[in-house]
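Accompanying notes for the structure given below.
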Amino acid sequence: MKIESILKYILIFACIQASNILSGQNEQWDIIEINYKIGQTLSNPLDVEFGATFYNEDGLDMRIPGFYNGGRNWMIRFCPPKTGRWTFKTFASTPELAGKTGTLQVTQNTKNWQRGSVKLDPKHPQKFIYADGSNYFMMAFELDWLFALDADNDKAIPKTEEIISTVKENGFNQIVMNAYAFDASWGEKEKINPKNNYAKPKVFPFGGQNENPDFSTLNVEYFKHLDRVIAHLNEQQMVARVMIYVWNKMVNWPASDSKADNMYFDYIVKRYQAYPNIIWDIAKEAVSYGHNDMDYITRRIDRLRKLDGHNRLLSVHSYEYCDVFPDKVDFISISDNQPYLYSRMRDVLEKHHSKPVVNIENGAYEKTMHSLFDGAYTDPLTCLDRMYQCIFAGTYSNYYWQNAAWYNIITKPFDLPQDKQPHFFYYQNIQKLFHPYHFNELYPVQNMYAAPMLTNGKDVFIFYLPENRTKIAGRLPTVKNKTVKVKWFDPLTGNHYEANDKSFNEDTWLAIDRPKSISGSLSIAILTMETE
C-alpha cells in the first residue's frame, strides 16, 4: 500500500551523528517520521523517556514524545501545524538518543484531501472546523473491530480499504473505532459467515494473548498494523475517533493505573497523536460495566493532555462523565435512545452551550440481516429519522449498521442480495442536502406549530418534516413582506423539487404544502430569500 501522507526520513544514529537536515517535500499537516537506531539493545526499552522539542520561526514550540518501535529503533512522529523553518532537539533518558538536532523546511499543503486536524469553530463554538478553516460536518460510522480486518496481513490492508471506500462514498467522514476489542456476549453468532466474524482476534496489543497476557511488554507489531489503518483513514480524509479502552468487549485489561495500564495508554498517545485525523476518546461507555470511577477517567484525560503535544480533540463516550465534567472534554458525548430525541438533544445543546454535542449512540442500529444488537430501533427509516432529529437539534450523531459496527464486518455490503443491503445512501443524501449551505452558521429553531428548523437567521430556513407531515405550518417573522424561494428535498432519494415562490405581506403564517412527488414518510423544505 502506498502511504502518500507519511514522509519517512530514516536517520540512523549509532552515537556518531548529532544533527541532520530533513530534506524532501515537507508540507503542512504531513506526518514526518524521524527514526533513530542505537547501538545497544536495552533491557526495558518501553521505559525509556524520549522525544523532541520542535521550534518554529514564530516562537512556537511543541514538545513531542517519541516511542519505541522494536529492536533498537525509536521514532518521533511530528505533524507541523504551520509552514516555515522548524528546528528540533531530542531529549531522552538514555544518552544515545539525547541531544540530536535537526532542521526541516515546511511548505504549504498541496494535497486536496488534507485539511488538517478537526478543531472547534471559534466563531460558532458548538460546531467543528478543519485546521484550514473549512466546515467539518461530522457524519460518523461505527466500526469497532476495524483494527482486526487485516490483522493477519503484514503487507497490505485490502479489506480495510474495501469497507472504508464504501463508507466514504456514502457521505461518512468519521470512523468510531476501538484501539482493541476481543469479543461480545451478544449476537446471533451462529448465523454469521465465519469469514466475516472478527471476534477473538489472534492479535493483542500486549505480550502474549488476550486469554494469557504478558503485561510486562507491548506487541509493537500490533501497533505497526494499526499504523496502516490510521494512515489509510487519514489519506481518505476520514477522522478516526479512537476509543482507547472498551469495557464490555471481553478484553483482559491490566489493573487500572498499574505500570502496564500506563504503558499501554501512553504508547497509544505517543504513537498516534501526530495523525491529523485523530480524535481521542478515553473509553467506550467509560463509566459503565463496573468501571464507574470518574476520577480514573479524569486522571487519564490529564495524562493524555500532558503527553499530546499536538493537542488533538478529546471526548469521553459517556454523558454521565461529560455532564459532570464538561470542562475536561472538548465536546460533549451522549448516548441516548429516548423516543423524543429532538427535544432531548435540544436540551443538552442548551445546557452545554459552549461546546459541540455528539450523540455517539442514539439507539438506532440498522438491521438488514441477522441480529447483533437490536437496541430500540432497527428499521432503516427510523434510524435515518433519529439521525435527522440530532442534526436538526443542532448536534451530530453516529450511524450503526449491525453487520459492520461490531465483530461481524461485511466489507462488501452491496454484493449482498438487495433486501439485505444497508441503506448507506440515505446518509450520502444528508451530505447532499447540506453541502450548498454554511452548516456552521445554522442553528436550531422550532416555532409554534412549525416543524424543526435550522436557520442562519437571515436568508436560509431548512425544515424537517418527519412522520408523514404534509405541510409547513407556523409563523416565521423573518419573511414579513418578502418573497421566498421554496425547494423540497426527498431524504430517501436525494432529489430536489422546485416549488412556486411564495410572497408574504404582514401575515407570516407559512402554510406551504409538501409536493405529492415526495412519497416517503420524511421530507425537507428549504426556504431561501434575497437579503438587502
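Values for this structure:
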{"item": "Built amide H within the under 5 Å cut-off of residue 128, gap 5+", "result": "121, 136"}
{"item": "Sequence of 306, 270 once ranked by neighbouring C-beta atoms within 10 Å, starting from the fewest", "result": "306, 270"}
{"item": "The stretch 449-465 - phi-based ³J(HN,Hα) in whole Hz, Karplus 6.51/-1.76/1.60, Gly and Pro as x", "result": "6, 8, 6, x, 9, 10, 8, 8, x, 10, 9, 10, 9, 10, 9, 9, 10"}
{"item": "Those residues of the stretch 366-385 whose amide nitrogen sits under 14 Å from the label point placed on residue 468, 7 Å along Cα→Cβ", "result": "none"}
{"item": "222 nm mean residue ellipticity, helices alone, for the chain (DSSP H n ≥ 4; -39,500 (n - 2.57); rounded to 500)", "result": "-5500 deg cm²/dmol"}
{"item": "Gain on full stretching of the segment that runs from residue 197 to residue 475 - 0.36 nm per residue minus C-alpha separation", "result": "94.8 nm"}
{"item": "Pairwise FRET efficiency - residue 112 versus residue 82, Cβ, R0 = 22 Å, nearest 0.05", "result": "0.65"}
{"item": "Residues 74, 509, 253, sorted so that the one with the fewest Cβ neighbours within 10 Å comes first", "result": "509, 253, 74"}
{"item": "Simple label model, 7 Å out from Cα along Cβ direction - residue 435 to residue 340, nm", "result": "3.7"}
{"item": "Virtual spin-label span in nm between residue 154 and residue 103, 7 Å along Cα→Cβ", "result": "4.0"}
{"item": "Quarter of Cα convex hull surface for the stretch 130-433, i.e. mean projection, nm²", "result": "15.0"}
{"item": "Alpha-carbon centroids, the stretch 27-94 and the stretch 359-384: separation in whole Å", "result": "44"}
{"item": "Length gained when the stretch residue 43-residue 292 is fully extended (0.36 nm per residue, less Cα-Cα span)", "result": "86.0 nm"}
{"item": "Note, ³J(HN,Hα) from phi for the stretch 305-312, Karplus 6.51, -1.76, 1.60, rounded to Hz, x at Gly and Pro", "result": "4, 5, 7, 7, x, 8, 6, 6"}
{"item": "For the stretch 208-223, Karplus couplings with θ = phi - 60° (6.51, -1.76, 1.60), whole Hz, Gly/Pro x", "result": "x, 10, 4, 6, 9, x, 10, 7, 7, 8, 10, 8, 4, 5, 4, 6"}
{"item": "Shape category assigned to the chain from the gyration tensor of Cα positions, a/c cut at 1.5", "result": "prolate"}
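Every number in this text was worked out from the coordinates using simple rules, so none of it is lab data. Not measured: the values here are computed from a predicted model. Heads up, the Cβs are rebuilt from the backbone with ideal geometry, glycines too, and the neighbour counts pull from every protein chain shown.
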